[in-house]
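See below for the structure under consideration.
The values are calculated or read from the model by the stated rules, or taken from the named source; none is laboratory data. Since we're looking at a predicted model, the values are computed, not measured. Virtual Cβ from ideal backbone geometry, glycine too; neighbours counted across all protein chains shown. Accessible surface is based on the protein model in full, side chains and every heavy atom, while ligands, DNA and RNA are left aside. Shrake-Rupley method; radii C 1.70, N 1.55, O 1.52, S 1.80 Å.
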Amino acid sequence: MTQPAVEKLEFKSELRQVLNLITHSLYSHREVFLRELISNACDAIDKIRFNSLQNEQLLEGNRDWKIKLVADKEAGTLTVSDNGVGMDHDAIIENLGTIAKSGTKAFLENLKQADAATRPELIGQFGVGFYSAFMVADQVTVVSRAAGQSGAVKWVSDGQGEYTLEPAERDRRGTDVTLHIKDEEKEFLDPWRLRQIVKQFSDFVEHPVVMDVEKSGEGDAKVIEEEVINSRKALWLRSKGDVTQDEHNAFYQQISGNFDEPLKVIHYSGEGTVEFKALLYIPKTKSFDLQYGDVKAGPKLYVNRVQIMDHCEALLPSYLRFVTGVVDCADLPLNVSRELLQHNPLLEKIQRILVKQVLKALEDLKTSAYDDYLVFHDELGNFLKEGLGRDWNNREALADLLLFHSVKTEAGKRTTLAQYAEAMPEDQKEILYLAGEQRSALANAPCLEVYREKDWDVLLLTEPIDEFVLPGLPDYKGKPLKAADRSVPELKPEEKARLEAATEGFKPLFEALQGRIQEVKEVRLSSRLKGSPACLVPDEGAMGASLERLLRKMGRSTEEPSKRILELNPEHPLVKTLQAFHQQNAGDERVENLGRLLYEEALIAEGSRLEDPSAFIKRINALVGEKF
Ligand code: ADP
Ligand code: MG
């Protein structure tokens, strides 16, 4: 018989980079490797258990679910064994030789740019899963026998770039992951230390994690007994008051992969029409997955303590993908299929309840712990804005959760739509906002001068997502929302008459300017300018300047830039001078020069870039030269 060959294979290149990082970076939480291996073992058990719901035969009588840790000090090895689904030759190449995480590229890119101090933290957020074994091991061996197979396969690697595969023996289905512990990491062979790590990170896993312990038997005899070291308490099934903050923290860390505490715990027991228990966590900060877009939305779904799905998307809308947790619903059949879960009226009902609970928890936080809420809002508020654009039923609750800068808020402070609406004077009918990149530039925008004079506040929107969300919100509690550069306060009859009369006198100048400054759609007198000579405002129905800039930055703009309207302030000395130049001599080239200069100033004020800055500088210098 020919000897089965040992195959030598290479890791895919992205995985090589990840491994390189893991083995060569200072990593502050090396003990999480054990959590990762236990969690994989658990997943493998859940998989075979789930598959066996359709076909009991698959179990081959091997259903005493267990994850066993064996530390061998002499050999310097730690083995994590399970009787889960196992992997065959192809599955092992697929699962342990490539990396499927979609955010990996972005993560590596970011890591390269981050400075050395923030690097370990970044790596900490990246769920390295199985490969975290290489933080503490210089060699890892995996022996696995897949369900329904008679032979096993052995995978060996030092985490440098290659691994070998060869046929092996294993008496039953399951997987052994054996770590050859590095010299400087020998603490991970100490049973006491292992126990402590399991308690910290894996106490709640559903399946028993066991270790052999030596106990004194009769007389001097020693007996070896298998001891379960995790408590396996399903927190969500206990009553609310019985769960301590420490238990919540540990469970949250285990299921979210974060290292901090949750911002808010939602422990809910649904009774009446739908019976279910939910334990949800709102995080303080954006996890790696949320940041790099590889997030799986939805809490875990259990049916009577049996995990059916790791992420059940039907239980929470995708904008709430920052929420992690568990939902246990006894009313679902155990063998429910994924397809059936998609449009299941029961889950839809649960989802409606959970969304209300999450939004209510955030509202409570906003009232009772504003400073914490502010931090949350800055990190994760954009998800709520995303929801505002999608979840019509909860529009008002979501709108109430948003915080805004405004002309009147002090630095570091925010306002809400409710506070804004409350402070609106009698004659102000619309909630006004202005969108752009920088708070300071927006607050001083010439187009807001009329509101400043009236002492009306204006919300200042500085997040790109605002441009897509706020204009889609028609009103807040009956008060329409309106972009401040698309609206002017109604004029009193005498003001209106004055403006009309002045317009008559300016007509020839405006016609001349329009002919010479082709970039603008129209030139007209302004009723909103109270100090500045000029400003640009968007035409009805046309895109605003900042949205246009944003789309261009995103590479989405295919159209020609839209033409804006140039408004001039008839009271301003420069505008008066311009009028005088034109009246004295319509052909005076200073008309175009000064007109252009005002247009360019308005462009700068709205945050846009000048097409030809040096021509602008020449015009400025000429003007200054005339004065001095
Ligand atoms: P993740 O668990 O997020 O998928 P990991 O890096 O932890 O990522 O594991 C990669 C894959 O390797 C798993 O998805 C699984 O298919 C496989 N795997 C790892 N450990 C085991 C195990 N003990 N039994 C069966 N399959 C495993
Ligand atoms: Mg894993």
*If you check every pair at least six apart or on different chains, which have Cβ atoms under 7 Å apart with a residue in region 35-56 that is touching a residue at least 60 places away in the same chain (Cβ under 8 Å) and under 19 Å from Gln254 (Cβ atoms) first and a residue that is charged (D, E, K, R) and buried (at least 20 other Cβ atoms within 10 Å of the Cβ) second?*
Ala41/Asp82; Ala44/Asp82; Ile45/Asp82
*asked:* Against the conditions (1) acidic (Asp, Glu); (2) free of Cβ contacts under 8 Å to residues at least 24 places away in the same chain; (3) buried (at least 17 other Cβ atoms within 10 Å of the Cβ), where does Glu426 fall short? Just the number, please.
replied: (3)
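Yes/no matrix, rows are residues, columns are (1) among the aliphatic types (A, V, I, L, M); (2) over 34 Å from the mean Cα position of the chain (by Cα); (3) more than 24 Å from Asn62 (Cβ to Cβ):
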site: Gly129; (1), (2), (3): no, no, yes
site: Ala137; (1), (2), (3): yes, no, yes
site: Val209; (1), (2), (3): yes, no, no
site: Asp212; (1), (2), (3): no, yes, no
*Candidate set: region 271-296, residues that are over 25 Å from Val243 (Cβ atoms) and among the hydroxyl-bearing types (Ser, Thr, Tyr); chosen: the one surrounded by the fewest Cβ atoms within 10 Å (Cβ to Cβ)*: Thr273
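Pick from region 117-131 the residues that are at pLDDT below 85 and open to solvent by less than 40 Å² (accessible area, probe 1.4 Å): which of them is farthest from ligand 1 (Cβ to nearest atom)?
Filtering region 117-131 for residues at pLDDT below 85 gives 117-129.
Keeping just the survivors that are open to solvent by less than 40 Å² (accessible area, probe 1.4 Å) gives 120, 122-124, 126-129.
Working: Pro120: 20, Leu122: 18, Ile123: 15, Gly124: 16, Phe126: 11, Gly127: 6, Val128: 7, Gly129: 3 Å.
So, considering only residues that are at pLDDT below 85 and open to solvent by less than 40 Å² (accessible area, probe 1.4 Å), the one farthest from ligand 1 (Cβ to nearest atom) is Pro120.
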*Residue within region 149-168 that is in contact with a Ser or Thr (Cβ under 8 Å, 6 or more places away or on another chain), of a type in the set (Lys, Arg) and part of a loop (DSSP other than H, G, I, E, B) present*: no
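Residue-wise test of (1) touching a His at 6+ places or on another chain (Cβ under 9 Å); (2) within 16 Å of ligand 2 (Cβ to nearest atom).
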{"residue": "Ser39", "(1), (2)": "no, yes"}
{"residue": "Cys42", "(1), (2)": "yes, yes"}
{"residue": "Ile45", "(1), (2)": "yes, yes"}
{"residue": "Asn55", "(1), (2)": "no, no"}
{"residue": "Lys68", "(1), (2)": "no, no"}
{"residue": "Asp72", "(1), (2)": "no, no"}
{"residue": "Leu78", "(1), (2)": "yes, no"}
*What residue, of Ala397, Ala484, Ala443, is within 30 Å of Ala297 (Cβ to Cβ) and either of a type outside the set (Asp, Glu) or touching a residue at least 12 places away in the same chain (Cβ under 8 Å) (or both)?*
Ala397
_Hits in region 57-66 (condition: under 36 Å from the mean Cα position of the chain (by Cα) and either within 16 Å of ligand 2 (Cβ to nearest atom) or outside any loop (DSSP other than H, G, I, E, B) (or both))_ = none
*Pairs with Cβ under 8 Å, 6+ apart, first in region 134-146 and in a loop (DSSP other than H, G, I, E, B) and modelled with pLDDT of 95 or more, second surrounded by 20 or more Cβ atoms within 10 Å (Cβ to Cβ) and among the charged types (D, E, K, R)*: Ala146/Arg173
*open to solvent by less than 30 Å² (accessible area, probe 1.4 Å) and farther than 26 Å from Ala314 by Cβ: does that describe Thr367?*
no
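Do the conditions hold for Glu162, that is, is it in contact with a Pro (Cβ under 7 Å, 6 or more places away or on another chain), over 21 Å from Ala71 (Cβ atoms) and either of a type outside the set (A, V, I, L, M) or surrounded by fewer than 15 Cβ atoms within 10 Å (Cβ to Cβ) (or both)?
Values: in contact with a Pro (Cβ under 7 Å, 6 or more places away or on another chain): no; over 21 Å from Ala71 (Cβ atoms): yes; either of a type outside the set (A, V, I, L, M) or surrounded by fewer than 15 Cβ atoms within 10 Å (Cβ to Cβ) (or both): yes.
The answer is no for Glu162.
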*Report yes if some residue within region 68-78 is in contact with a Gly (Cβ under 9 Å, 6 or more places away or on another chain), in a loop (DSSP other than H, G, I, E, B) and modelled with pLDDT of 85 or more; otherwise report no.*
no
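Which of the residues that make up region 593-618 are among the charged types (D, E, K, R) and surrounded by 18 or more Cβ atoms within 10 Å (Cβ to Cβ)? Spell out the reasoning first.
Of the residues in region 593-618, the ones among the charged types (D, E, K, R) are 596, 600-601, 606, 609, 611-612, 618.
Matches in region 593-618: Arg596, Glu600, Glu601, Glu606.
Listed here are the residues, each with its yes/no results for (1) modelled with pLDDT under 95; (2) part of a helix (DSSP H, G or I); (3) in contact with a strand residue (DSSP E or B) (Cβ under 8 Å, 6 or more places away or on another chain); (4) surrounded by fewer than 17 Cβ atoms within 10 Å (Cβ to Cβ).
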position: Arg35; (1), (2), (3), (4): yes, yes, no, no
position: Ser39; (1), (2), (3), (4): yes, yes, no, no
position: Ile48; (1), (2), (3), (4): yes, yes, no, no
position: Asn51; (1), (2), (3), (4): yes, yes, no, yes
position: Gln54; (1), (2), (3), (4): yes, no, no, yes
position: Ser81; (1), (2), (3), (4): no, no, yes, no
position: Gly86; (1), (2), (3), (4): no, no, yes, no
position: Glu94; (1), (2), (3), (4): yes, yes, no, yes
position: Ser102; (1), (2), (3), (4): yes, no, no, yes
*Tell me, yes or no, whether region 486-505 has at least one residue that is open to solvent by less than 30 Å² (accessible area, probe 1.4 Å) and more than 30 Å from Phe581 (Cβ to Cβ).*
yes
*Verdict on Leu279 being in contact (Cβ under 8 Å) with a residue 12 or more places away in the chain, over 24 Å from Asn382 (Cβ atoms) and not assigned by TED's automatic domain parsing to the domain that holds Arg193*: yes
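Residues that are under 36 Å from the mean Cα position of the chain (by Cα), at least 1 per element: which strands (runs of 3 or more DSSP E) completely within region 445-561 meet that? Show your work before the answer.
On the way: elements: 459-461, 479-483, 522-525, 534-537.
Those strands (runs of 3 or more DSSP E) span 459-461, 479-483, 534-537.
Does Leu384 satisfy the criteria of being in contact with a Leu (Cβ under 6 Å, 6 or more places away or on another chain), surrounded by 17 or more Cβ atoms within 10 Å (Cβ to Cβ), among the aliphatic types (A, V, I, L, M) and in contact (Cβ under 8 Å) with a residue 24 or more places away in the chain?
Values: in contact with a Leu (Cβ under 6 Å, 6 or more places away or on another chain): yes; surrounded by 17 or more Cβ atoms within 10 Å (Cβ to Cβ): yes; among the aliphatic types (A, V, I, L, M): yes; in contact (Cβ under 8 Å) with a residue 24 or more places away in the chain: yes.
Criteria met by Leu384.
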